[in-house]
Amino acid sequence: MEFKKLSILVFALAFSWGMLPAQDHGHEQDDHGVETEQHDEHGGEAGHGSHDEGDYDPVGTVMGHIADANEFHVWKGVHIPLPLILYAPGQGWTTGLSSMFEHGHTAVDGYVLNHGRVNRVADPSFPKGEVHIEGITHKTEKAGEKDKDVYYAIHEGREYRLDPPSTVDGGFLGGGITSFYDFSITKNVFTMILAALLLIWLFSAVARGYEKNIHKAPSGIQSFIEVFFVFIRDEVTKPMIGPKHYERFQPFIMTLFFFILFCNLLGLVPFFPGSANVTGNLAVTLTLAVFTFLVVNLNGKKDYWEHVFWMPGIPAWVKVILTPVEVLSLFIKPFSLMIRLFANISAGHIIILSLIGLVFLFGDNGRSVGGAAGGAVIGGLFTAFMNLIELLVAFLQAFIFAILTASYIGAAVEEHHHHEEEAREGAH
Amino acid sequence: MTEVLFLADFSVIKPDPGLIFWTALIFILVWFVLGRMAFRPIQNALKQRERDIQNALDEARKARQEMANLKAENEELLKQAQEERVKILKEAKEARDTIIHEAREKAKADAHKIVENAKHEIENQRMAAVVDLKNQIGLLSIEIAEKVLRRQLEDKQGQEKFVKSLVDDIKLG
């Protein structure tokens with residue numbers, strides 16, 4: 001059993017670059033033809049250099065594709081709009097569809113679509129209502145020590161500074177609270193809702209099977225899903241949490257496993273309604289990790305807290321060192337869950353997008369058809385291979401998140417009396 | 001420069017409160033709905049089925065055990081019956097022997113008795129015959145004697161002679 005666990009973890013680490021083929025090849029360049037790009041130091045910023053001007057920017061393209069967006073990019077010029085729910089303090093709620101922005105040509109109540117994401121003009125002098133935008137421009141500004149990318153919307157010849165949506169990283173990761181909050185059904189939210197509906201549809205069919213086939217052998221989709229259920233029960237919750245408590249946590253672990261799995265798999269689909277980098281977004285994995293943290297610590301027994309704050313059976317001076325370590329580990333455990341899932345899935349998307357990008361790099365922005373063909377062959381083969389690995393990673397990361405959560409819960413609900421008694425008996 | 005650009009555009013590491021809100025909401029919904037609608041019923045159904053299977057297995061084992069017991073019992077009964085038969089046969093034989101023996105003994109005794117009786121009867125008959133003969137002889141003797149006497153009495157001298165001879169015959173003592 002111990003070896004099996006270890007080998008699974010080693011295996012997972014070996015494939016620490018998960019990958020998803022985010023989008024299809026066709027839309028490497030965003031179709032913001034209206035943008036009047038300021039070609040300062042970096043030519044072609046964030047994948048929005050148009051075909052005729054600016055070279056293909058692999059980093060910008062990849063980053064653009066793994067990012068969340070307020071619309072689904074199907075192919076060049078074709079977008080599926082998504083609902084908007086925006087809140088700006090002082091201005092209140094704004095709702096609508098992302099198609100109302102006409103991909104950056106129109107501003108509505110100060111909101112503008114910039115590279116698929118809603119931005120807001122903070123300047124109160126900017127006119128309300130629907131306003132035509134001549135373009136969006138990009139500058140790099142010095143913000144203290146760091147350089148900061150800033151976008152401007154051009155309206156009637158004047159530049160208005162655009163605020164990106166607020167993020168809760170406190171400015172450490174380049175974000176921060178800005179003038180508005182985006183609660184829209186973004187690409188990621190849409191994919192999560194889809195995954196949720198698929199799960200509910202699937203499991204209601206399975207549950208019906210159990211009602212129908214009572215006292216009978218399972219059939220159809222019921223027997224397919226039963227394998228997963230029994231696997232999670234017998235290999236994850238029962239051994240990790242223990243036979244006494246596992247039943248209580250089975251729904252949570254199952255939900256985690258299937259929710260992550262479905263989001264991973266939907267992210268593997270390279271076209272609508274897939275392609276969203278859901279579990280490769282830190283906000284999503286952060287939320288899941290917080291759930292794990294809450295479930296683990298709200299169910300902590302006396303023994304668990306004793307082991308955290310005053311580890312029994314060791315000298316007092318070691319306890320003084322150990323207690324801060326244990327307290328830190330309370331937070332490091334879910335933190336590692338958050339980073340692991342995020343990094344695996346994001347890295348997977350990045351690798352596949354990079355391999356696809358070879359077509360454009362070798363093709364020298366369409367000037368070399370032979371190079372593009374070579375890139376297509378090499379990139380295609382590698383992408384096919386990476387997709388297979390990614391399929392494995394999709395399952396593996398869902399499984400690892402579930403099994404580690406189960407083991408943390410197991411540590412929290414475990415009662416140590418038996419071991420101590422045994423140890424005492426052994427000592428005598 | 002490129003590094004800065006990379007970080008600046010690496011938006012997936014900047015947690016969006018909207019995304020956090022929706023993730024939490026959707027996850028809680030999925031957790032609640034699936035837990036209520038699927039996971040608990042499935043868990044119970046699986047447990048029920050496992051119990052059923054275990055019961056069936058237990059029952060089969062019990063039935064097998066009972067069968068074995070029954071077989072052993074039958075064999076025991078058969079053995080007992082056989083023993084009984086042997087015993088009965090033995091007893092019957094013994095009874096037969098006894099009966100035959102007794103019958104033989106009785107027959108012997110009867111025969112003996114019959115013979116005895118016959119002997120006795122014969123003896124009796126013989127005695128009777130003898131007595132009868134004696135009586136006849138007596139009567140005959142008396143008759144003869146009477147005749148002889150009658151004739152003798154006619155001769156006085158002869159009488160006295162005879163009486164005298166009779167008296168001589170009687171020896172006293």
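The phi-based Karplus calculation (6.51 cos²θ - 1.76 cosθ + 1.60; θ = phi - 60°) puts the 3J(HN,Hα) values of the stretch A:58-74 at x, 5, x, 4, 4, 5, x, 7, 7, 6, 6, 8, 8, 8, 8, 8, 8 Hz, whole numbers, x for Gly and Pro. Working note: Debye formula, equal point scatterers on the alpha-carbon atoms of the stretch A:52-155, no solvent; log10 I(q)/I(0) at q = 0.12, 0.18 Å⁻¹ is -0.46, -1.01. Straight-line cross-link partners of B:LYS93 among the lysines, defined as a Cα under 26 Å from its Cα and at least 8 positions apart when in the same chain: B:LYS79, B:LYS106, B:LYS108.
Per residue of A:158-165, other chain Cβ atoms within 10 Å of the residue Cβ number 1 on average.
How well do other chains shield peptide A:63-73, expressed as the mean number of their Cβ atoms within 10 Å of each residue Cβ? Going residue by residue through A:63-73 and averaging, the value is 2. For the pair the stretch A:278-331 / the stretch A:152-219, the C-alpha centres are spaced 28 Å from each other. List the chymotrypsin sites (Phe, Trp or Tyr not before Pro) within the stretch A:154-199 that DSSP assigns to loop and that have no more than 12 neighbouring Cβ atoms inside 10 Å. In loop regions of the stretch A:154-199 (DSSP not H, G, I, E or B), the sparsely surrounded chymotrypsin sites (Phe, Trp or Tyr not before Pro) are A:PHE172. With the cut-off at 19 Å, report for the stretch B:14-167 the share of all Cα pairs above it, as a whole percent. Of all Cα-Cα pairs in the stretch B:14-167, 84 percent lie more than 19 Å apart. Convex hull volume per residue, computed on the Cα atoms of the protein assembly as shown, equals 346 Å³. For the protein assembly as shown, a crude dipole built from +1 on the beta carbon of Lys and Arg and -1 on the beta carbon of Asp and Glu, taken about the Cα centre, is about 4200 debye to the nearest 20.
By the beta-carbon count within 10 Å of each Cβ, the least crowded to most crowded order of A:TYR111, A:TYR87, fewest first, is A:TYR87, A:TYR111. The tail of the calculated P(r) for the stretch A:283-322 beyond 13 Å holds 61 percent of all Cα-Cα pairs. Simple rule: put +1 on each Lys or Arg Cβ and -1 on each Asp or Glu Cβ in the stretch B:14-167, find the dipole, and look at B:ALA145, B:ALA103, B:ALA38; the Cα lying farthest toward the positive end is B:ALA38. Loop-resident trypsin sites (Lys or Arg not before Pro) (DSSP state other than H, G, I, E or B) in the stretch B:68-126 with no more than 11 further Cβ atoms inside 10 Å of their Cβ are absent.
The Cα trace of the stretch A:234-329 gives Rg and Dmax of 18.3, 60 Å, the first to one decimal, the second as a whole number.
Ordered by the count of other Cβ atoms within 10 Å of each Cβ, fewest first, A:LEU322, A:LEU355, A:LEU198 give A:LEU198, A:LEU322, A:LEU355. Taking the charge dipole of the protein assembly as shown about its Cα centre, with +1 at Lys and Arg Cβ atoms and -1 at Asp and Glu Cβ atoms, the residue from A:ILE241, A:ILE332, A:PRO270 reaching farthest to the positive side is A:ILE241. Projecting the Cα positions of A:GLY135, A:GLY176, A:ILE225 onto the charge dipole of the protein assembly as shown (unit charges on Cβ atoms of Lys, Arg, Asp and Glu, taken about the Cα centre) puts A:ILE225 furthest along the positive direction. The trypsin sites (Lys or Arg not before Pro) of the stretch A:116-173 that meet both conditions, a loop assignment by DSSP and at most 16 other Cβ atoms within 10 Å of the site Cβ, are A:LYS128.
Among the listed pairs A:LYS187/B:LYS14; A:LYS187/A:LYS333; A:LYS128/A:LYS148; A:LYS244/B:LYS47; A:LYS244/A:LYS302, those whose Cα-Cα separation exceeds 20 Å are A:LYS187/A:LYS333; A:LYS128/A:LYS148. Taking one quarter of the surface of the convex hull spanned by the alpha-carbon atoms of the stretch A:276-428 gives a direction-averaged projected area of 12.9 nm².
Values quoted throughout were computed directly from the atomic coordinates according to the rules given, and no laboratory measurement underlies them. No experiment lies behind these values; they were computed from the predicted model shown. Cβ atoms come from the backbone with ideal geometry, glycine included; neighbour counts cover every protein chain shown.
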